[in-house]
Every structure is written in C-alpha cells, then in structure tokens.
Amino acid sequence: MDGVPVDRGFFADRGSLRADDYLELTYRFECVDDPEAAAAHLCQEMSTAQWRRVGQDEDFRPRHAARVLALSVLDRSARSLMAAPWFAAREYACCQVTLAYPHVNFGPRLPNLLTVICGEGAFHAPGINAIKLVDIEFPAPFLAAFQGPQFGVPGVRALLQIQDRPLFFGVVKPNVGLRPEDFAELAYQSWLGGLDAPKDDEMLADTSYSPLARRAELLAPLLKRAEDRTGERKWFVLNITDEVDRLQDHHDLASRHGLGAVMLNGHTTGLSAVRALRRRATLPLVAHFDMAAPLSRLPHFGIASSVLTVLQRVAGFDAIILPGFGRRMQTPEEEVLANVQACLRPLGALRPALPVPGGSDWAGSLPGMLSRLGTRDFGLVPGRGVFGHPDGPEAGARSLREAWEAVSRSVSLEEYARDHPALAAAIRAFGPVL
C-alpha cells in the first residue's frame, strides 16, 4: 500500500472553507491503496477529475474540488470486506472519511445531488473496493431552496386534531386482491375502532381489480360517517404511486374525495417527482420505504437508510414510514433510531416529518416503542395487528386505543387487558407484549 502519490490539493482544514458553500459527506470505505491516496482519489473522481485544460495555466480545484476534512483508519485486515478479483491485495484498510463538497457543482437539484454522492465518481473511485455513504449534512443556504414538509409533525397533528398521543395508521389487509367494496368496509370498521388513518398497502395502487377512483369513491362517504359516529377526524391514506405524469391527478382525486392524505413510494418514483408534487400538493404526503433495503442493507456498500430518510424529508414528505423494530424488518435498533432522528432533528428551517416505524406491529408494540423513541411524535402502522385481530378490524383498532390508555395511566397492558376484551384478545393472538 506504499508508493501511491497523495494529491494534497484535495485536503483542507474545515476552518479554511466557507461552511455555507459545502455539504459534508461521511463515507466508510475499504481501500487497497494508502488511505490518504484513496480519499484524495475519491474527492477527485467526485468533483474535478480533470481540473485544467491542456496547455492552460488554470486550476478549478479551489472552487470546485471536494476536500477531505477528516480521515481515520478503523481497521486493517488481510481479508476483504467485499472480495473482488480486481482488488486483490495483501492488506485492506477500512476507513471513515468526511468530505466537504461544494454545492455550486450541482445546485439545489436532487437528481444532480444524488448523481454526485451516489454515482460513478463515488462508487467507482480507484483503489476503493467497498464504500457506503453513512451521513450527510446540509448548510442552511442550500436547504433554503427546498420547501421540505408542507405540514410536518405540527401540521399533521393539527389536521387530525391529535396532540397528546402517537398517531394510529394501519395497513388494510388482505393487502392485495380485495374488491373495492370489501376493502372500504374493512377501512370503515377500523375507523370505528379508533384508527386515525388506515392506508393502502404499498403494493396496492391503481389496479384493474381495484381502481384508485373506485376505492376513493367508496371510502369517502364511509370516512364521513365514521367521523360523525366517533366525533374524531379521520384520514384514508391513498397510495398514488404511479408513473410521474399521473401523480398530480391521483393526488387531486384524493383531495376531491376528502380522504386526507396520500402515500407515495418515493424511492421508486424518484425524489424529484416527490418534490414536484410537493409544490402543488394540498394534502400531506406520506412516504413508504420501498427500495430502501436493497440500497442500504449491505453493511459495507450502498447508502445508509438514515440518509435516504433525510433526503425524503428534504423532498417534502410530511410523514415517513420506516423499517421498524423487531425481527420482521431485520433492522438494528440503532438504525431505526437514526431514521427517527433524521425525521425529527433540526434541519435548517424545514419542518420535522412524522416518523412511522413499521413492521408486524400491534397493540403490544406501543410500550416498547414509546420507551425506545422517547417521544410521542411518531405513528404506529399495524397491518395484521389490526386487520388480523381475531374479533375483526374494529376490535383490532380498539386494542391500540386500549393499549394507549394503559400506557398513559402507567398500567401494564396485561393488567389493563383484564377488563378490556379487545386488548386481551390481541395479547392472546399476537403476544407477548414488547
């Protein structure tokens, strides 16, 4: 790993740079060259791969080059993290690097940003075998060009008139195959039991057997009836994921029927499409985490899911469904917490987005989630935990409300269930309490 020249033009002290002009990107990578040479190559490939014209006395690096701010070697090993024949070496170094990247190179445009931070330059840099983007920090002037969430946590709470507890979403099940009439009836039962916002599954959008327009038409009067019977505000979250040129029409359909909110699989449709929809949307936008796992799950390659989450918030989502706790989502607890913080932490002037960790949740998930998250600003999104309840969706939704009553009174769910049949049946069906 010796003998590789290091270009010091790609290194800088943080204090020597104007912070407002740079994003800070943190990567972990494995290299077969000297770590400093590999980090310099990474900066070069991501920015000014060639910084002057032939025969010209010029240097574009002072304004346009990415710079190494910090570099540490985490480990050295004779075994590679991601073996590949073109990276065979006697020793591999696992490193972490923080780069300053000048946003003048791409401006406030999400496709161009992603091209830089996750593109050819970053993921095909010479001497780097494995690389993962683990964090991103934005300067306030860059964020000022983005609207972010239109409603965010405070707006969503105001619209639903819920201030003192988590929000209860729910995935109508069976998730695929129901006739629109049967689907709408299940949603209605869940509203009566206490769900705030049942929703489409991410795989159910505008299909031949259940057209979006027909679902919206059937859900609208039942939503109003549920509001009248319960005295509570209700939403249905319609999944409008589709080709980009159909998104606005689908959003407007949900708005005309008073359904309250729409869901969009932002990674599959593209964050630029989300941002365009946000500019004209009148309803809150709810994100699903489709495609996050193949981008983020490998420990040494790809993009950290918390980076994907913060980009969804920048694009304009008001609530973000995330991989949650437990074995179902195969997501470490620290990663779930990092995603929640990506929704809630200060981010320029952008509103916080409501985090909705999900994955086989039920009433018994509520105490553990409250304890882990340390906040009530989140949503619970059961599927089977409501719609697979042995006494039906109304009882399944009621079990969530009963769990919240128990938690708010500092009573164990098991004790509270003695006098609350819906919660008792949920514990028998889905227990133990987490």
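The residue list Gly368, Gly379, Gly374 contains one member that is closer than 20 Å to Gln341 by Cβ, without any contact (Cβ under 8 Å) to a residue 60 or more places away in the chain and assigned by TED's automatic domain parsing to the domain that holds Glu185, which is Gly374.
Any chance you could count how many residues in the stretch 361-401 are surrounded by fewer than 24 Cβ atoms within 10 Å (Cβ to Cβ) and over 27 Å from the mean Cα position of the chain (by Cα)? Qualifying residue count for the region: 5.
Contact map, the stretch 198-216: first residue surrounded by 22 or more Cβ atoms within 10 Å (Cβ to Cβ), second residue at pLDDT 95 or above and of a type in the set (Ser, Thr, Tyr), Cβ cut-off under 6 Å, separation 6 or more or different chains; pairs are Pro198/Ser190. Scanning the stretch 73-84 turns up at least one residue that is more than 25 Å from Leu271 (Cα to Cα), in contact with a helix residue (DSSP H, G or I) (Cβ under 9 Å, 6 or more places away or on another chain) and either modelled with pLDDT of 90 or more or among the aliphatic types (A, V, I, L, M) (or both). Scanning the stretch 64-100 for residues being free of Cβ contacts under 8 Å to residues at least 60 places away in the same chain, buried (at least 16 other Cβ atoms within 10 Å of the Cβ), touching a strand residue (DSSP E or B) at 6+ places or on another chain (Cβ under 7 Å) and not in a helix (DSSP H, G or I) gives a total of 6.
The set of residues from the stretch 268-300 being modelled with pLDDT of 95 or more and either more than 28 Å from Leu218 (Cβ to Cβ) or small (Gly, Ala, Ser) (or both) comprises Gly270, Leu271, Ser272, Ala273, Arg275, Ala276, Arg279, Ala281, Ala287.
For the stretch 402-421, filtered to residues that are in contact (Cβ under 8 Å) with a residue 40 or more places away in the chain and buried (at least 24 other Cβ atoms within 10 Å of the Cβ), the residue that is farthest from the chain's Cα centre (by Cα) is Leu413. Selection of first residues in the stretch 306-317 that are in a helix (DSSP H, G or I) and of second residues that are surrounded by fewer than 24 Cβ atoms within 10 Å (Cβ to Cβ) and of a type in the set (D, E, K, R), restricted to Cβ pairs under 6 Å at least 6 apart or on distinct chains, gives the following pairs, ordered by first then second residue: Ala315/Arg275. Exactly one residue out of Ser365, Ser360 is part of a loop (DSSP other than H, G, I, E, B) and not aliphatic (A, V, I, L, M), and it is Ser360.
Answer yes or no as to whether Pro35 is touching an Asp or Glu at 6+ places or on another chain (Cβ under 7 Å) and either assigned by TED's automatic domain parsing to the domain that holds Gly270 or touching a residue at least 40 places away in the same chain (Cβ under 8 Å) (or both). Don't jump to the end; show me each part of the working.
Values: touching an Asp or Glu at 6+ places or on another chain (Cβ under 7 Å): no; either assigned by TED's automatic domain parsing to the domain that holds Gly270 or touching a residue at least 40 places away in the same chain (Cβ under 8 Å) (or both): yes.
It is false that Pro35 is touching an Asp or Glu at 6+ places or on another chain (Cβ under 7 Å) and either assigned by TED's automatic domain parsing to the domain that holds Gly270 or touching a residue at least 40 places away in the same chain (Cβ under 8 Å) (or both).
The single residue among Ser296, Ser210, Ser272 that is closer than 21 Å to Pro174 by Cβ, polar (S, T, N, Q) and either more than 25 Å from the chain's Cα centre (by Cα) or in the same structural domain as Gly324 (by TED's automatic domain parsing) (or both) turns out to be Ser210.
Taking the listed residues Ala226, Ala261, Ala220, the one that is hydrophobic (A, V, I, L, M, F, W, C), touching a strand residue (DSSP E or B) at 6+ places or on another chain (Cβ under 8 Å) and farther than 15 Å from Leu204 by Cα is Ala261, with no other qualifying.
So, Asp201, is that one assigned to a loop (DSSP other than H, G, I, E, B) and either in contact with a His (Cβ under 8 Å, 6 or more places away or on another chain) or not assigned by TED's automatic domain parsing to the domain that holds Gln248 (or both) or not? Answer is no for this residue.
The values are calculated or read from the model by the stated rules, or taken from the named source; none is laboratory data. Note that this is a predicted model, so its numbers are computed, not measured. Note that each Cβ is placed from the backbone with ideal geometry, even for glycine, and that neighbours are counted across all protein chains shown.
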